[in-house]
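The values are calculated or read from the model by the stated rules, or taken from the named source; none is laboratory data. Everything numeric here is computed off the predicted structure, so don't read it as measured data. Heads up, the Cβs are rebuilt from the backbone with ideal geometry, glycines too, and the neighbour counts pull from every protein chain shown. Side chains are part of the model used for accessible areas, which takes the heavy atoms of the whole protein and leaves out ligands, DNA and RNA. Shrake-Rupley method; radii C 1.70, N 1.55, O 1.52, S 1.80 Å.
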Amino acid sequence: MHIALREVHDSDLPVFFRQMNDPEALHMAAFTPKDPADWDAFSVHWSKIRASRDVVRTILGDGDVVGSTAVYGDPGEREVTYWVDRAYWGRGVATAALRALLAEVPDRPLYARAAADNAASRRVLEKCGFVVSARARGFAPARGEEIDEVVLHLAS
């Protein structure tokens, strides 16, 4: 599968909304909006993202929208994030998309966070050079409780 990144189009938003309302994906991601089914909140959030200086990209798999990825935050504290449609899990999409994003955004250091039990996301990050630098606990809205998370760091 050919993976490419491009700027987010208005037509991508309903696809992202559907992807972010998959119960299994929500559980795996854990740290999600309070109410992922709230279209109005979703729209406001994406309007702010798209108006910011953050680097936000749509992930295309063979030309189809399969997710999104971004680098956001203040210099020295910037984080990466990604969301891939569950239908494409286990196919290298997240790893390829994150590598493409890292090639586009030379800022370092970069950070990432993942639920401690999300081994797949941790593998993606480690394949891209991130290393675990801390552990934390935080409230995970998708799970309705505090859970362990790992903080990863990419120095160069």
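Quick notes
- The range 49-156: trypsin sites (Lys or Arg not before Pro) in DSSP loop, at most 10 other beta carbons within 10 Å: Arg53
- In the context of the full set of protein chains, residues of the range 1-121 present 54 Å² of accessible surface per residue (probe radius 1.4 Å, heavy atoms only).
- Take the Cβ atoms of Phe139 and Glu7, set R0 to 22 Å, and the FRET efficiency comes out at 0.10.
- Counting only Cβ charges, +1 for Lys and Arg and -1 for Asp and Glu, the dipole size of the range 1-117 around its Cα centre is about 260 debye.
- Percent accessible area from carbon and sulfur atoms, the chain, protein chains only, probe 1.4 Å: 51 percent
- Bins of 10 Å, starting at 0 and running to the largest distance - Cα pair percent for the range 1-128: 12, 46, 38, 4
- One way to sum up the overall shape of the range 105-156 is the equivalent ellipsoid from its Cα gyration tensor, whose semi-axes run 22, 11, 9 Å, largest first.
- Each Lys or Arg adds one and each Asp or Glu subtracts one; over the other residues with Cβ under 14 Å from the Cβ of Arg6, this totals -4.
- The helix-based estimate of mean residue ellipticity at 222 nm for the chain, built from -39,500 (n - 2.57) per DSSP H run of four or more residues and divided by its residue count, is -9000 deg cm²/dmol to the nearest 500.
- If you run the Gaussian network model on the chain, springs between alpha carbon atoms under 10 Å, then out of Glu79, Glu126, Glu24 the most flexible one is Glu24.
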